[in-house]
1. Which of the GluC sites (Glu not before Pro) found in segment 411-462 are in a DSSP loop and have at most 16 neighbouring Cβ atoms, other than their own, within 10 Å?
2. Quick one: helix 164-188 against the long Cα principal axis of the chain, what's the angle to the nearest 10°, folded into 0 to 90?
3. For the Cα atoms of the chain, what angle does the longest principal axis make with the long axis of helix 362-376, in degrees from 0 to 90, nearest 10?
4. Rounded to a whole number of µm²/s, how large is the Stokes-Einstein D of segment 250-371 at 20 °C and 1.002 mPa s, given Rh as the Kirkwood radius over C-alpha pairs?
5. Amide H neighbours of Y469 under 5 Å, at least 5 residues apart or on other chains, H built in the peptide plane: list them.
6. If I stretch the segment between D466 and M316 completely, what's the gain in nm (0.36 nm per residue apart, minus their alpha carbon distance), one decimal?
7. Among the lysines, which fall within straight-line cross-link reach of K44, defined as a Cα-Cα distance under 19 Å, with same-chain neighbours fewer than 8 residues apart omitted?
8. For I350, what is the net charge nearby, where nearby means another residue's Cβ is under 12 Å from its Cβ and Lys, Arg count +1, Asp, Glu -1?
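What follows draws every value from the coordinates through simple rules; no lab data is involved. Treat the numbers as computed from the prediction; the structure is a model and nothing was measured. Ideal geometry is used to build each Cβ from the backbone, glycine not excepted, and the neighbour counts take in all protein chains shown.
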Amino acid sequence: MISEEKSKYISPFSARYASKEMQYIFSEDFKFKSWRKLWIALAKAEKQLGLNITDEQISELVFNKDNINYETAQEREKIVRHDVMAHVYAYGKQCPNAESIIHLGATSCYVGDNTDIIILREASKIVLEKAVQVIKNLSEFAQKHKATPCLAYTHLQPAQLTTVGKRATLWIHELVQDIENIQYQLDKLKLLGSKGATGTQASFMKLFENDENKVKQLEKFISDEMGFDGCADVSGQTYSRKIDYYFLSVLSGFAQSAYKFSNDLRILQSFEEMEEPFEKNQIGSSAMPYKRNPMKSERISSLARYVIINAVNPAMTAGTQWFERTLDDSANKRISVAEAFLGVDSILDIYINISSGLIVYEKVINKRIMEKLPFMATENIMMECVKKGGNRQELHEALRAHSQTAAAKIKFEGKNNDLIDRISNDEIFKITKKEILEQLDPLKYTGRSASQVEEFLSKVVYPILDKYYIKNIAPKLKV
């Protein structure tokens, strides 16, 4: 017999990828508890502004705020086909004295949309926390390898040298931009507030006998109670769906940054220069036991594509909201927004794992450098020969010819790079092999890489870590 559980679709985000803390933010429990907090905030504000609401009624609401009677709500929803009114009914059954003042003057979006804003805030904090952990891991890696020379690549072809640490700063820099963007969106985020059915606050004007000042104070109290700087200046029934787009665009940015990192690492693992952590009993291939496939990086790439594409959803939704509201946003946004956050959460968890255990094969890196360095050193060799009285144009032509011949030997015959021997045996250069080898110290070809790492970490990364980390025996994030 197949169990009922096994016969239903289960999202891979809940079964395989996303963390428990992120899943909880998008859970029914978090949503409905947030609804009740908003109803309490509304009742407190209305009482403070003079409506006939008692302390006993509010105490009753507070006492039952986390004790949600789900079965009652579910049964009621089958009858009324309205989730908000079903939960108003269920809350009222637990709070008989306060039943008459629950949701007073509000429309469904008071709890629905304000909760969605709260979810955006809390989910973004998790993303921010994990992204900062990644840059902490990568900054330690960059510092350790700031002067470890390696081949750089342009067009995926060997180019001037860089260092392993300098390359890591490129990965960090991408994430720094994403962290700045998500912090900006959090700083700008406001509640919808108590706007009513079409955003005019007409129901609250009636409640407060057309006292506009009290209606404005109502929103101020609610936003303070829920920990926000304020409410939307204007709206229809809902908050602007562009807000979802702004946050999913930021999440797309995180996905893009992780995508680049994962692709770079997959290529480096193919070159056998670097490798993602490989668990003791991990199986790389069912057919080839020797393989150490970059499965974690590949998973980042796979999830990143999904998140990037998902950012189109809120853009389309925002553009098709008719007048003060339509409901064609609901089904789409509850999937697209949740899964974008769950996707980035999954990506960052993998990124944390990889960045905390990156493996560098310095011998392989050096071997690959020395295969290419003779070509890269030709300018330095030419300058040394000019100092000895050589003609630059003649030396340049000779170096070009020897380089082409040496490259052909490597490519067509599979032989080692013999450019150094060719140069030292050519009398036009007047230079010994020993003198040439002195020019083949890789550190002479990494430019300011090590200094750039130090400057970038000091100027950009460490201030971010100082901002978000509480310094104690076991450091944790402030967000």
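1. Numbers: sites: E413, E427, E435, E438, E454, E455; in loops: E427.
Counting only loop positions with at most 16 other Cβ atoms within 10 Å, the GluC sites (Glu not before Pro) in segment 411-462 are E427.
2. 20
3. In the chain, helix 362-376 runs at an angle near 60 degrees to the longest axis.
4. On the way: Rh = 16.6 Å.
Rounded, D is 129 µm²/s.
5. K478
6. Result for the pair: 50.2 nm of gain on full extension.
7. Cα-Cα hits under 19 Å: K33, K65, K195, K206, K214, K216, K220.
8. On the way: positive: R16, K130, K296, R299; negative: E276, E298, D345, D349.
Net of charged neighbours comes to 0.
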